[in-house]
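The values are calculated or read from the model by the stated rules, or taken from the named source; none is laboratory data. Everything numeric in this text was worked out from a predicted model, so none of it was measured. Because the Cβ atoms are built from the backbone with ideal geometry, glycine has one as well, and the counts that use them run over all protein chains shown.
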């Protein structure tokens, strides 16, 4: 336990943290999550893509169609996290770089912990929004449908629309980034001063 | 042991069978024509009595669902005032573009913009569509058409297939039949009068003064290279003959314009007889670059608001080339070297050499002059008189050095060579072809491949619809040594001319872009509103599947109403209509588009409005009320 907090990362561990920081920053430029609605009259699909800071895709058309079943209009203003996620991820990446520089285990733990907590929160929020949009339907809507929660990854059928959902490249980059931190903390630490002097070896495990 | 070898044999046979099926499938994929041959063979083996070659022809025009045609064909709709768009080779009509006539299916002629464009005319006589050109090639940007009845021209934008500008009536020109024919870089298109008359419009001159006080003109309409905007540049005065068709020179002959004429007899009654007396009329050759320069130098008079130049004041600009007899079409060959006059009342096309024409001018080799214009020496300038058949009207070209001439009287198309000037093939068409249209057939590089004969009569070819028979277009295959008619297509009155352009040259847009600055546009329901200013009422309405905001609009009897409607479905193919019952108002808004109508609410009462263009499952609910409060209750 003491080692866990006071230990230091070895070279591989530091590289992994740097890589993790790079992946986190890269994730900001790719969609984290997507939804694609396909119907006979939309064979090309109506995509919605969620980025760290915006919602892309053909939201206006999806909203237009959603009003038939009384679904609330999806608009960026309703997602407060879109305003903060870029900063959060940037901060995390900054901490990861700092960890790589200082090699402190405790800093690495803090970073990975924040990352994991953030990731978990993100997944919960995604489920929350999917649930909210799918179940809080306007009772006055033209078409009455049983409330539903689309899966985070998978397909869902609603009237003539098949909805495909899943994580995007950005989402995977983010996930791998956090996993790399955990991996680094788990496997690539130096246990004492002795092994530290022989740190030129690629791995201490 | 025996059992095992038995199953081996069964497996081997099954494997062979699968292999065979795969092989047939793959052969079909790799070499589709082979499988087509096979299909036609199988088909004729049935008892339908359809000949092999008919089945083959059908397969050549069949475009399977989901596949697209190779060419767009833009055909004039004659006195319907429309342009019809077909896909080639399927010959399916894809679209009707209203140009000079109201068309309620798209609300053309009810919106403020189109109403103003149509002016006080309710019809037009569309004759010759012309695609814009760059370096003598179609560029797919605009289509121009003339109105032979009311001396107007129109521009259709090919990014949206809608009429965007109507210019005219062009002053001083009665019946611009010799239009629209573009110069190779779309600097101008030329219009020549069919009918002589006193100018400007409205001037009186007794018919007996025909020779002295009646004129024709050649009008040069300038085209803005950026936006296609048409404007009248200048006009040239011409003798009171009838100018039939025209064509611009290209490549070596660029800078010249050629016009056929009839009635050089200058008759003014019973033209059928009196205008058909001379053995030769003229092709009038005009150097438009010289005339343009002269106009810039100020050598013109203002007549009826036009800059009119007398070409006799610009020596060297205009010559007459004798051509037999009452020539109809004049067509310049793809290399620009030959000018081909189609004889109409003579069974020949006459081929003139541009090079020799220039030599005649240089050597002053003239055989006389008429009305002050030198007549070049016929024997020198002519290189061939090709006996094509009866009633040659128009000529188009392919990529192999052949010309195709329509024979009106003979109901046939003649194919002849531009190298030895001999007829090599003829195909019968039903009946009486006017214009022909070959794929990119009047550009500097025709495609060959297809030719469409635009026939004036289709007698007995289709199910009877009473005394007014449809006209017809026939698709002719040019890919084999013998021309073959592939398809008969009934069409609305009346195809005059058509142009065929490779489909991938046309780039359309599907949704109008959002533009917050656009007059009257509203993109949010919170912004939708009715504003009153005295007795003028502005309605800013938006629509999306399947609602209007606002859906109740109240005005006072006598109000002048300006009504904007924006379609906020920025979604391909989601068009909304808008009609006000009993108010004679109807139009449609395309995805993202804002349209405007204006009317005086002169009838009190309640008038439902509704979406006329089916838009969604709740289309029937897309409606509202215009309430016009009577004067005495205001």
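For residue B:513, which of the numbered conditions (1) loosely packed, with under 13 Cβ neighbours inside 10 Å; (2) more than 30 Å from residue B:84 (Cβ to Cβ); (3) within 14 Å of chain A (Cβ to nearest Cβ) fails to hold?
Checking residue B:513 against (1) loosely packed, with under 13 Cβ neighbours inside 10 Å; (2) more than 30 Å from residue B:84 (Cβ to Cβ); (3) within 14 Å of chain A (Cβ to nearest Cβ), the one that fails is (2).
Select from the stretch B:518-535 the residues that are crowded, with 21+ Cβ neighbours inside 10 Å and within 14 Å of chain A (Cβ to nearest Cβ) and list them in ascending order.
none
Are any of the residues in the stretch B:484-503 at pLDDT 95 or above, within 20 Å of residue B:629 (Cα to Cα) and surrounded by fewer than 17 Cβ atoms within 10 Å (Cβ to Cβ)?
no
Identify the residue in the stretch B:589-618 that is over 30 Å from residue B:534 (Cβ atoms) and away from every other protein chain (no Cβ under 14 Å) and, among all such residues, is farthest from the chain's Cα centre (by Cα).
B:611
Can you confirm whether residue A:132 is closer than 22 Å to residue A:72 by Cα and in contact with a helix residue (DSSP H, G or I) (Cβ under 9 Å, 6 or more places away or on another chain)? So that I can check it myself, show each step before the final result.
Details: closer than 22 Å to residue A:72 by Cα: yes; in contact with a helix residue (DSSP H, G or I) (Cβ under 9 Å, 6 or more places away or on another chain): no.
In short, no.
Which of (1) assigned to a strand (DSSP E or B); (2) over 31 Å from the mean Cα position of the chain (by Cα) is the odd one out, the single condition residue B:579 does not satisfy?
Condition (2) is where residue B:579 drops out.
Filter the stretch A:59-84 for residues that are under 23 Å from the mean Cα position of the chain (by Cα), free of Cβ contacts under 8 Å to residues at least 24 places away in the same chain and surrounded by 15 or more Cβ atoms within 10 Å (Cβ to Cβ) and give the result.
Listed by number, the list holds a single entry, A:59.
Just checking: which of the strands (runs of 3 or more DSSP E) contained wholly in the stretch B:48-162 hold 3 or more residues that are modelled with pLDDT under 95, over 30 Å from residue B:584 (Cα atoms) and out of contact with any strand residue (DSSP E or B) (no Cβ under 9 Å at 6 or more places or on another chain)?
In the stretch B:48-162, no matching strands (runs of 3 or more DSSP E) lie anywhere.
Among what's in the stretch B:352-375 and is in contact with a strand residue (DSSP E or B) (Cβ under 8 Å, 6 or more places away or on another chain) and touching a residue at least 60 places away in the same chain (Cβ under 8 Å), pick the residue that is surrounded by the fewest Cβ atoms within 10 Å (Cβ to Cβ).
B:370
Being buried (at least 16 other Cβ atoms within 10 Å of the Cβ), within 14 Å of another protein chain (Cβ to nearest Cβ) and either under 30 Å from residue B:137 (Cα atoms) or under 38 Å from the mean Cα position of the chain (by Cα) (or both) is the requirement here; does residue B:538 meet it?
The answer is no for residue B:538.
Look at the stretch B:550-576 and say how many of its residues are within 14 Å of chain A (Cβ to nearest Cβ) and under 17 Å from residue B:516 (Cβ atoms). First the steps, then the outcome.
Filtering the stretch B:550-576 for residues within 14 Å of chain A (Cβ to nearest Cβ) gives B:566-576.
Next, from what is left, pick out any that are under 17 Å from residue B:516 (Cβ atoms): B:566-568, B:570.
Result for the stretch B:550-576: 4.
Give me the residue from the stretch B:174-187 that is farther than 17 Å from residue B:443 by Cβ and touching a residue at least 60 places away in the same chain (Cβ under 8 Å) and, out of that set, surrounded by the fewest Cβ atoms within 10 Å (Cβ to Cβ).
So, considering only residues that are farther than 17 Å from residue B:443 by Cβ and touching a residue at least 60 places away in the same chain (Cβ under 8 Å), the one surrounded by the fewest Cβ atoms within 10 Å (Cβ to Cβ) is B:177.
For the stretch A:15-58, name all the residues that are part of a helix (DSSP H, G or I) and within 14 Å of chain B (Cβ to nearest Cβ).
Answer for the stretch A:15-58, where residues must be part of a helix (DSSP H, G or I) and within 14 Å of chain B (Cβ to nearest Cβ): there is none.
Please state which of the following conditions residue B:478 fails to meet, knowing it meets all the rest: (1) within 21 Å of residue B:330 (Cα to Cα); (2) in contact (Cβ under 8 Å) with a residue 60 or more places away in the chain.
Evaluating residue B:478 over (1) within 21 Å of residue B:330 (Cα to Cα); (2) in contact (Cβ under 8 Å) with a residue 60 or more places away in the chain leaves (1) as the failure.
Looking at residue A:88, is it surrounded by fewer than 19 Cβ atoms within 10 Å (Cβ to Cβ), part of a strand (DSSP E or B), more than 14 Å from chain B (Cβ to nearest Cβ) and under 18 Å from the mean Cα position of the chain (by Cα)?
So residue A:88 does not fit the description; no.
Hey, among B:444, B:413, which residue is in the same structural domain as residue B:483 (by TED's automatic domain parsing) and in a loop (DSSP other than H, G, I, E, B)? Lay out the reasoning, then the answer.
Numbers: B:413 fails: in a loop (DSSP other than H, G, I, E, B).
When all the criteria are applied, what remains is B:444.
Within the stretch B:104-136, restricting attention to residues that are surrounded by 15 or more Cβ atoms within 10 Å (Cβ to Cβ) and at positive phi, which residue is nearest to the chain's Cα centre (by Cα)?
The selected residue is B:136.
Picking from A:95, A:126, A:82, A:110, which residue would you name as being away from chain B (no Cβ under 14 Å), at pLDDT 90 or above and in contact with a strand residue (DSSP E or B) (Cβ under 7 Å, 6 or more places away or on another chain)?
Going through A:95, A:126, A:82, A:110 in turn, the sole match is A:126.
Count, please, the residues in the stretch B:589-612 that happen to be under 27 Å from residue B:573 (Cα atoms) and either at pLDDT below 95 or in a strand (DSSP E or B) (or both).
9
Among the numbered criteria (1) within 28 Å of residue A:113 (Cβ to Cβ); (2) modelled with pLDDT of 75 or more; (3) in contact with a helix residue (DSSP H, G or I) (Cβ under 6 Å, 6 or more places away or on another chain), which single criterion is violated by residue A:147?
For residue A:147, the exception is condition (1).
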